[in-house]
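Heads up, the thing below is written out as structure tokens.
What follows is calculated from the coordinates using simple rules that are stated; it is not laboratory data. Quick caveat: nothing in here was measured; it's all calculated off a predicted structure. Every residue, glycine as well, gets a Cβ built from its backbone with ideal geometry; the counts of neighbours run over all protein chains shown.
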Amino acid sequence: MTGHDDWVPFEITPGNTGAEATARGLTAYLQGLDDLAGLLTRKKALVFRDFGVTPEELDVVMDELLPNRLAYVHGNSPRTKVGKNVYTSTEYPQEFTISMHNEMSYAYAWPSRLLFFCQQQPGTGGATPVVDGVRWLAALDPEVREAFKDGVRYTQNLHGGMGLGKSWQDTFETQDRAEVESFLATTGSTWEWKADGGLRVHQDRQATIKHPVTGDEVWFNQADQWHPAGLGDETAKALAQIMPAEDLPQNVTFADGTPIPAEYAVQIRDRGLDSAVDVDWRTGDLMLIDNVAVGHGRRPFTGARRILVAMCD
């Protein structure tokens, strides 16, 4: 675990770079780097502080940090698109914690980088915790790691315009069923259109992966977020009274269809959060993360926090 227990994101500031404390200064610094990709691989998360980037200047900075911005197609969290493949962070009530996860680790393809931009810092709280995936994996009991060795099966129930959770139209950013089917056919998923106009999708995925550059094995799934137990006892109980697990907006089992014990989901959630490092926000700050090497989440907050997110392959 050497180098993982004490890992923290790498801060880049005008003071430690000699760059001008403006978006133009940050852009010039990035253009002068020999190997941004290598720096990100080594440091896993880069926090750009005190450059005072404004929303109007964001595109210029993103052009340096995210060379190929992706649409949030097949994403499962509620967001609002606010620009060219730029979205709000997950729109979830501010009093709740969002547990650790690697963006779209349930999908056939996931972004390699995520960029967060603080348009408005919160009144209090609202940090983005980030967790080293090696440390998260090591924090789990051997029994849990062994149970997940063959992977997981995710199930999405997407309504056709009215219902609990997201619609398939919002999820795939289209109204065309054929376009959805064409996308899913490339992802190793199985699916069925339901009589009520909704769509059910099954995906068998890995629970851990090895980083493509470092070879580090990391925890890389969203079983705790897709499991009712990850929402807390009262919420899970209420959902169970409304509908069976297989009809929930999202659900997860082991890859062979065996239910995942609730205590496993809770352990994964809690130890990920316990192993994380909080990144507090100031207006104008940015953070670039390696989406395989580290997971991220959100702490509760007060005030008008607004974080924008973009991603690239």
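In square nanometres, what is one fourth of the surface area of the convex hull spanned by the alpha carbons of the chain?
16.2 nm²
For His202, project a label point 7 Å along Cα to C-beta. Then give me every residue of the stretch 245-289 with its amide nitrogen under 18 Å of that point.
245-260
Please report, in debye to the nearest 20, how large the charge dipole of the chain is about its Cα centre when each Lys and Arg carries +1 at its beta carbon and each Asp and Glu carries -1 there.
In debye, rounded to 20, the chain gives about 340.
Which whole-number percent of Cα pairs in the stretch 17-99 have a distance greater than 23 Å?
Result: 37 percent of Cα pairs exceed 23 Å.
Explain nothing, just the number: relative contact order of the stretch 137-271, from Cα pairs under 8 Å at least 6 residues apart, as a whole percent.
Answer for the stretch 137-271 is 32 percent.
Considering only DSSP beta bridges whose two residues both sit in the chain, what percent are antiparallel, to the nearest 5?
95 percent
Can you give me the P(r) profile for the stretch 137-271? Cα pairs, bins 5 angstrom wide beginning at 0, each as a whole percent.
2, 10, 18, 20, 17, 15, 11, 5, 2, 0
Explain nothing, just the number: relative contact order of the chain, from Cα pairs under 8 Å at least 6 residues apart, as a whole percent.
35 percent
Multiply the residue separation of Glu146 and Met162 by 0.36 nm, subtract the distance between their alpha-carbon atoms, and state the gained length in nm to one decimal.
1.8 nm
Determine, from the Cβ-Cβ distance of Asp313 and Glu263 and an R0 of 45 Å, the FRET efficiency 1/(1 + (r/R0)^6), rounded to the nearest 0.05.
The value I calculate is 0.80.
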